[in-house]
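**Student:** There's a structure below that I have some questions on.
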Amino acid sequence: MWRSWAPAADADNDIAAALQQFDDEPAGRAWHLVGAFVDSGQYRRPAAKTAHEFLSNALTHNRFSPGDLAGIVALAEIFLRASPDAETYARLLDDLAAEATRWVGPDRATVVLDLADLLASASYPDEEARLRLAYQLLRPLSDHPKRLDADQLTFAARLSTELGATLTWPQQDDQGTADLLPDVPAQDLLLYSLDEKVLDRVRAELQLQAPQVSVTVSHDHVGSRQLKQWTRRADAIVLATRCATHAATGFIRAHCRPDAIVREADGSGSASLLRAATIAMTRR
């Protein structure tokens, strides 16, 4: 039923005000609506105040399960896309940094890198706040580099440089690449997401890590003749279903080749899409 509702941005102030009033039990029930809230926006207008209140809900009530963390990243993307003022930006990033030790680690590398990539790609009115959170996210990964896969390690080192976090990583080559993705044959890969920045980031990363792969990206809201052609040509397809329209993903699934590998990313960020692409390409 919620798919027929008006976008949350139309009532951002009212929804945020309602969320502020909830105590523990209704806050827990409200948290289950995060997926619907994120999906309803379809990457058009950000309901930033509501996203901020949902983030406060997560941090206040220690919502750090894998599914919760994917929701936190999606909410942070909405919040940052609205270009918050310096005070609001710094306060939220410091709140995230204060709780980082509760969940950040190599076993959560993908979601950690999703959030770090958001910091790198979004505008930052307070560089010091951004750097404080960047260190909290990336230091546990740099302390245990052998627990990261090659694509994660290379991406983490590159994000560290972009964010100005002076951490130690295994020796990289001149392009910042520790090693090309292992065992990836030449193939056609299709990446789908509504987030064009994520698509551009992952395509650029794959051009460095797996130059033998031909990467096509799509952010269409519905099926088209061009998307149909790309889908039929693809050997592997990766869908960021947390940042996608159901019309487009259904269209892709309906027109892909029977032998094509189709994989969904666990989250909506660059690291999630890169991780899913790596798995899809190496498990053909």
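**Student:** For Val222, work out the one condition from (1) in contact with a strand residue (DSSP E or B) (Cβ under 9 Å, 6 or more places away or on another chain); (2) more than 26 Å from Leu113 (Cα to Cα); (3) open to solvent by 10 Å² or more (accessible area, probe 1.4 Å) it doesn't fulfil.
**Tutor:** Condition not satisfied by Val222: (1).
**Student:** Criterion first (in contact (Cβ under 8 Å) with a residue 60 or more places away in the chain and either in contact with an Asp or Glu (Cβ under 8 Å, 6 or more places away or on another chain) or within 28 Å of Val34 (Cα to Cα) (or both)) does Thr241 satisfy it?
**Tutor:** Numbers: in contact (Cβ under 8 Å) with a residue 60 or more places away in the chain: no; either in contact with an Asp or Glu (Cβ under 8 Å, 6 or more places away or on another chain) or within 28 Å of Val34 (Cα to Cα) (or both): yes.
Against the criterion (in contact (Cβ under 8 Å) with a residue 60 or more places away in the chain and either in contact with an Asp or Glu (Cβ under 8 Å, 6 or more places away or on another chain) or within 28 Å of Val34 (Cα to Cα) (or both)), Thr241 does not qualify.
Each row is one residue, and each column tells you yes or no for (1) open to solvent by less than 20 Å² (accessible area, probe 1.4 Å); (2) aliphatic (A, V, I, L, M); (3) in a helix (DSSP H, G or I).
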site: Leu19; (1), (2), (3): no, yes, yes
site: Asp39; (1), (2), (3): no, no, yes
site: Asp68; (1), (2), (3): no, no, yes
site: Leu75; (1), (2), (3): yes, yes, yes
site: Phe79; (1), (2), (3): yes, no, yes
site: Glu87; (1), (2), (3): no, no, yes
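**Student:** Any chance the stretch 197-214 includes a residue that's over 30 Å from Ser142 (Cβ atoms), of a type in the set (Gly, Ala, Ser) and either open to solvent by less than 40 Å² (accessible area, probe 1.4 Å) or at pLDDT below 90 (or both)?
**Tutor:** Initial filter on the stretch 197-214 (over 30 Å from Ser142 (Cβ atoms)): 214.
Add one more test, that the residue is of a type in the set (Gly, Ala, Ser), and what stays is 214.
Checking which are either open to solvent by less than 40 Å² (accessible area, probe 1.4 Å) or at pLDDT below 90 (or both) leaves us with none.
No - not one qualifying residue is present in the stretch 197-214.
**Student:** I've got another one for you. Any residue in the stretch 269-284 that's open to solvent by 10 Å² or more (accessible area, probe 1.4 Å): show its pairings with residues that are of a type in the set (Ser, Thr, Tyr) at Cβ separation under 7 Å, as long as the two are six or more apart or on different chains.
**Tutor:** Close Cβ pairs (under 7 Å, with a partner that is of a type in the set (Ser, Thr, Tyr)) amount to Arg275/Thr110.
**Student:** Another question about this same structure. Would you pick out the residues in the stretch 97-117 that are aliphatic (A, V, I, L, M) and crowded, with 22+ Cβ neighbours inside 10 Å? Walk me through it before giving the result.
**Tutor:** Filtering the stretch 97-117 down to residues aliphatic (A, V, I, L, M) leaves 97-98, 100, 104, 109, 111-113, 115-116.
Within the stretch 97-117, Val104, Ala109, Val111, Val112, Leu113, Leu115, Ala116 meet the criteria.
**Student:** Regarding Arg139, is this residue under 30 Å from Arg91 (Cα atoms), among the basic types (Lys, Arg), part of a helix (DSSP H, G or I) and under 18 Å from the mean Cα position of the chain (by Cα)? Can you show your working first?
**Tutor:** Details: under 30 Å from Arg91 (Cα atoms): yes; among the basic types (Lys, Arg): yes; part of a helix (DSSP H, G or I): yes; under 18 Å from the mean Cα position of the chain (by Cα): no.
The answer is no for Arg139.
**Student:** One residue is enough: does the stretch 45-53 have a residue meeting the conditions touching a Gly at 6+ places or on another chain (Cβ under 8 Å) and not polar (S, T, N, Q)? Steps first, answer last, please.
**Tutor:** Keep residues of the stretch 45-53 that are touching a Gly at 6+ places or on another chain (Cβ under 8 Å), which gives 47.
Next, from what is left, pick out any that are not polar (S, T, N, Q): 47.
Yes, there is a match, as at least one residue in the stretch 45-53 is touching a Gly at 6+ places or on another chain (Cβ under 8 Å) and not polar (S, T, N, Q).
**Student:** Considering each residue of the stretch 127-155, count those that are over 27 Å from Asp85 (Cα atoms), at pLDDT 95 or above and surrounded by 22 or more Cβ atoms within 10 Å (Cβ to Cβ), and give that number.
**Tutor:** 1
**Student:** Looking at (1) surrounded by fewer than 17 Cβ atoms within 10 Å (Cβ to Cβ); (2) among the acidic types (Asp, Glu); (3) at pLDDT 95 or above, which is the one condition that is false for Asp183?
**Tutor:** It is condition (3) that Asp183 fails.
**Student:** Could you pull out the residue among Asp23, Asp14, Asp10 that is open to solvent by 60 Å² or more (accessible area, probe 1.4 Å), modelled with pLDDT of 95 or more and charged (D, E, K, R)?
**Tutor:** Working: Asp23 fails: modelled with pLDDT of 95 or more; Asp10 fails: modelled with pLDDT of 95 or more.
The match here is Asp14.
The values are calculated or read from the model by the stated rules, or taken from the named source; none is laboratory data. Not measured: the values here are computed from a predicted model. Please note: Cβ atoms are built from the backbone with ideal geometry, for glycine as well, and neighbour counts cover all protein chains shown. Accessible surface areas use protein heavy atoms only, side chains included; no ligands, DNA or RNA. Shrake-Rupley method; radii C 1.70, N 1.55, O 1.52, S 1.80 Å.
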